Amino acid sequence: MQLTDIPVFVAAKHLIAQNQHFWLCTILNTYGSAPRPIGSVFITDGEHRYGSISGGCLEDAFVEMLNQNKFKKHNQLFTYGDHATEQGVVRELPCGGTIELLIEYIEVNNSSTEHFLQCSNHAVNRLPFKRQMTLQSNTRECLELKDFAVKQVEKSADTVGLNYSKVFTLLLIGIGQVTEEIARLGLQAGFEVKVCDMRKQLASSWTFDKENGGVDIIWMSPDLFVEQYADEQSAVLALAHDPSIDDAALMSVFDTKAFYIGAMGSHRTTENRIERLTRICEIKQQQLSRLHAPIGLNIGSKTPFEIAISTLADIIRIKNHVSKEQL
């Protein structure tokens, strides 16, 4: 799940509270180029719209099809790009891809109220959950997910399951300009962002707090911060430029399932860091192979903003299972 999907579930709950029926679309699969990831959601009551399944182009076409009564009022699958117009011309997204959608008509009743109340509560609290829908009916369930779900969509002949794992998280170690730029970009990209430091004398230098649309600093030891928050959907970045801060985090992070471990610094700084981690902490070479350092893609970054772009691009690359050879 991305942070951008959470308000859509909240909107669904509010529409039901207003006794308003609506349509819900969820991306199940994409073919070719497509601008939104699997699991993205879009809601419309015919007038208002929440979320997105294509970045804008498909939403207009979908509302047009609703107005033409193209869909029945039950759970159904629909692939945009495989259908044809009345003239027999196959439509596709402007980017050339096609999207498989789960389309649901949500009527206000006790079951739908309870379903979206549960989904909304799980989403807002960043808890993993599963939506289970029976096709050709209006039956749906909201179930808790206790473990990380590798497979996001589960389909059978008559059911569709959507696993919404926890939001991907950026765990940033150390206050600084690069940290602020990564935090800004990370929030815009749909990550949850947490920032840690233990140097309270730097508190006045951090202005990107919640009051200003950012995140508040968690004042605690970096090793404890990593142990508390790092999981398989976390990217952990050592950005303090202070070995006593960065190394403390890195000593703990290799014992976690973090999908990305990065440390900022030059090649020389990286060599010294690896030597310390090997000699003092006895970190094995196999573990150190998980470390992305110097951090980010090599795009000649110099400024804090450029470093943030290269870093977040590399994190997204790993999250989306893209090798450097594919770039």
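Based on the Cβ-Cβ distance from Asp158 to Glu325, what FRET efficiency comes out when R0 is 45 Å, to the nearest 0.05?
On the way: r = 41 Å, r/R0 = 0.90.
According to the calculation, E is roughly 0.65.
Once both axes come from the Cα atoms, what is the angle between helix 267-279 and the longest principal axis of the chain, in degrees from 0 to 90, rounded to 10?
80 degrees
To the nearest 0.05, what FRET efficiency results for Thr278 and Lys302 with a Förster distance of 30 Å applied to their C-beta separation?
For R0 = 30 Å, the calculated efficiency reads 0.50.
With a 10 Å radius around each residue's Cβ, average the other Cβ atoms per peptide and rank 110-116, 298-304, 192-198, highest first.
192-198, 110-116, 298-304
Mind pulling the angle between the C-alpha long axis of helix 177-188 and the longest principal axis of the chain? Nearest 10 degrees, somewhere in 0 to 90.
The angle comes out at about 10 degrees.
For the chain, what is the accessible area per residue in Å² when the probe is 1.4 Å?
Result: 50 Å² per residue.
In bins 5 Å wide, starting from 0, what share of all Cα pairs of region 214-327 does each bin hold, as a percent?
All Cα pairs considered, the percentages come to 2, 11, 22, 24, 22, 13, 5, 1.
Return the carbon/sulfur percentage of the accessible area of region 205-327, one whole number, probe 1.4 Å, all protein chains in place.
So the carbon and sulfur contribution to the accessible surface is 50 percent.
Relative to the longest principal Cα axis of the chain, at what angle does helix 57-67 sit, 0 to 90 degrees, rounded to 10?
20 degrees
Points 7 angstrom from Cα along the Cβ direction at Glu107 and Lys210: gap in nanometres?
Here the modelled spin labels are 4.1 nm apart.
Based on C-alpha coordinates, I'd like the Rg and Dmax of the chain, in Å.
Over the chain's Cα set, Rg and Dmax evaluate to 22.4, 72 Å.
So between Arg268 and Ile38, what do we pick up on full extension, going 0.36 nm a residue minus the alpha carbon distance?
Extending this stretch completely gives an extra 78.8 nm.
So for the chain, taking the charge dipole from beta-carbon charges (+1 Lys/Arg, -1 Asp/Glu), which of Phe305, Asn212, Ala293 sits furthest toward the positive end?
In the chain, that residue is Ala293.
Starting from 0.36 nm per residue, how many nanometres of slack lie between His241 and Lys70 once their C-alpha separation is accounted for?
Difference between extended and current length: 55.7 nm.
The values are calculated or read from the model by the stated rules, or taken from the named source; none is laboratory data. Every value quoted in this text rests on a predicted model; they were computed, and no experiment measured them. Don't worry about glycine lacking a Cβ; one is built from the backbone with ideal geometry, like all the others, and counts go over all protein chains shown. Just so you know, the surface numbers come from the protein's heavy atoms only, side chains and all, with ligands and any DNA or RNA stripped out. Shrake-Rupley method; radii C 1.70, N 1.55, O 1.52, S 1.80 Å.
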